[in-house]
1. Right, Lys150: more than 14 Å from the chain's Cα centre (by Cα) and surrounded by 15 or more Cβ atoms within 10 Å (Cβ to Cβ) or not?
2. Report yes if Asn30 is under 16 Å from the mean Cα position of the chain (by Cα) and under 21 Å from Gly149 (Cα atoms), otherwise no.
3. Scan the range 189-198 and tell me whether some residue there is at pLDDT below 95 and in contact with an Asp or Glu (Cβ under 8 Å, 6 or more places away or on another chain).
4. Looking at Glu76, Glu119, Glu72, can you tell me which residue is touching a residue at least 40 places away in the same chain (Cβ under 8 Å), open to solvent by 60 Å² or more (accessible area, probe 1.4 Å) and over 21 Å from Tyr144 (Cα atoms)?
5. Got a sec? Which helices (runs of 4 or more DSSP H) wholly within the range 112-211 have at least 1 residues that are in contact with a helix residue (DSSP H, G or I) (Cβ under 7 Å, 6 or more places away or on another chain) and on the phi < 0 side of the Ramachandran plot?
6. Of everything in the range 40-72, what is aliphatic (A, V, I, L, M) and at pLDDT below 95? Give them in sequence order.
7. Only one of (1) assigned to a loop (DSSP other than H, G, I, E, B); (2) in contact with a strand residue (DSSP E or B) (Cβ under 6 Å, 6 or more places away or on another chain); (3) surrounded by fewer than 21 Cβ atoms within 10 Å (Cβ to Cβ) fails for Gly38. Which number is that?
8. Among the residues of the range 79-108, write down those that are touching a strand residue (DSSP E or B) at 6+ places or on another chain (Cβ under 6 Å), more than 20 Å from Tyr175 (Cβ to Cβ) and either open to solvent by 20 Å² or more (accessible area, probe 1.4 Å) or in a helix (DSSP H, G or I) (or both).
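The values are calculated or read from the model by the stated rules, or taken from the named source; none is laboratory data. As the structure is a prediction and not an experimental result, all values here were calculated from the model. All Cβ positions, glycine included, derive from the backbone under ideal geometry; neighbour counts span all protein chains shown. What goes into the accessible areas is simple: the full protein's heavy atoms, side chains included, and nothing from ligands, DNA or RNA. Shrake-Rupley method; radii C 1.70, N 1.55, O 1.52, S 1.80 Å.
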Amino acid sequence: MDKIASRDKAHYVDPVKAESFSPTPPVPKNMLFDLTNGCNHACYFCNNPHQQRKISRMPKDLGFRIMKEAVEAGVEEIGFYNTGDPFVSTDLEDFVAEAKRLGYRYIYLTTNGALATAERAKRVIDSGLDSIKFSINAGSKETYLAVHGKDDWDKVITNLKWISDYKNRANQPLYLAISYVQTQITQNEAEDFKKKFEDFVDEIIVFDCHD
C-alpha cells in the first residue's frame, strides 16, 4: 500500500529531471487520457463548467490507436480522466479492457462517483481497473450541493460503499481512494469526513484548492 500511495502522490508533484530539458525529452511514463470533456457535475472551483469547447467523446478506433502508439513509445500508466468525468463515457469499460490488453501496468481514474453505479462500476473494475478515486469535496449533504452543484451526496456515498464492499467480497486488488479538495466552506468538515469514511477506502487525500 505504501508503494501505491507514494506513486499516487507523485502525480501531484512530479520532479523534473535534467534529461527532460532536451530537444528530445524522454517519453512520460504516465498519461492522462480524456474519454470525454463532459461532466455531470459543476464544482465551483473547477474550470469544466466554464469551458467553451463542444462536449464530445473519444471515438474507440482513434482512442485505441493512440493508446497502442503510446504504450509502444514507452508509456506505462494510463489515467482515464482529465477535464471530464470518465463515467460520462459509455465506452469506459472497453477502454479499460483495451488498456489491460495492451499491457499498461497501471490503469486508474478519478470520478465524482455519481454515475459509478453498482452495474457500471462492476463492469469497469472487472475489465482490469487498478485504482479508482472518488472526488468528494464536502463533508455533508448541504455543503456537497453547494460545492458540486448537484444533490448527489446520497447517490455517491451509496456507490462508494458498494465498490468498497465488492472489492472486499470479490477479493479484488483494487486501490480505492477519496480525494477531498478543501475550500473555505468545507475545511471544517475534513477531519470528520476522514473519520466517517476511512474504513471504506485505502486512502483519503485532503488538499487545498489551487489553480
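1. On the way: more than 14 Å from the chain's Cα centre (by Cα): yes; surrounded by 15 or more Cβ atoms within 10 Å (Cβ to Cβ): yes.
Taking the combined requirement at face value, the residue satisfies it.
2. Working: under 16 Å from the mean Cα position of the chain (by Cα): yes; under 21 Å from Gly149 (Cα atoms): no.
Here the answer is no, as Asn30 does not meet what is asked.
3. For the range 189-198, residues at pLDDT below 95 and in contact with an Asp or Glu (Cβ under 8 Å, 6 or more places away or on another chain): absent.
4. On the way: Glu119 fails: touching a residue at least 40 places away in the same chain (Cβ under 8 Å); Glu72 fails: touching a residue at least 40 places away in the same chain (Cβ under 8 Å).
One residue alone meets the criteria, Glu76.
5. On the way: elements: 118-126, 141-148, 153-169, 190-197.
Correct list: 118-126, 141-148, 153-169.
6. Let us first name the residues in the range 40-72 that are aliphatic (A, V, I, L, M), namely 42, 55, 58, 62, 66-67, 70-71.
If the condition is that a residue be aliphatic (A, V, I, L, M) and at pLDDT below 95, then Ala42, Ile55, Met58 are the ones that fit.
7. Only one criterion is unmet by Gly38, namely (2).
8. Val88
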